[in-house]
Every structure is written in structure tokens, then in C-alpha cells.
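This report concerns only the one structure given below.
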Amino acid sequence: MPRVEITVPEHLEMQIAQMVEEGEFLNREEAVEELLSTGIKAYKTSGPRDDDDSSGFEDEGMMGHEDEYVF
């Protein structure tokens, strides 16, 4: 199997470590492989976003607020 080296933000590393500690995965390698595989499957299902049809809400929250969603 090919080996890949990645750098992830500390908060993601902490979440992966927590999932391994809680027994959701046997080790970090399994966790990263499964999470990456799941992400690729989800991406293929939804497809890439077409920026021309974007309403702009994704960048600034639902009501234009940068760090929160208002419903």
C-alpha cells in the first residue's frame, strides 16, 4: 500500500487521537484511512461545488455572519 505523509491542524489530530482512545479505531493509521475513505465517498456522492451557483452563504454563515449560522 502506498504511504502518504500529511500535516493536519492540532485540533484534528486531537479528535483522531480521541477516537482511537475511545476504541472507534484500532490505531491512528486505521482512523485516518477510514475517515479519508469516507470523505472521498461523500465527495463523490455530492460532487464538487459549482462556485457559479453558490449563494455566498458558505463563506459568511447563513445570514452574513462570519463565525455563526443564524436560522
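Each reported figure results from applying straightforward, stated rules to the coordinates on display, with no laboratory input. Predicted model only: the values in this text are computed from it and were never measured. Reconstructed Cβ throughout: ideal geometry from the backbone, glycine too, with neighbour counts over all protein chains shown.
In a fully extended conformation the segment linking V4 and N27 would gain 6.7 nm over its present Cα-Cα distance, using 0.36 nm per residue.
Which FRET efficiency value, to the nearest 0.05, is calculated for M14 and Y43 with the Förster distance at 22 angstrom and r the Cβ-Cβ distance? It comes to 0.40.
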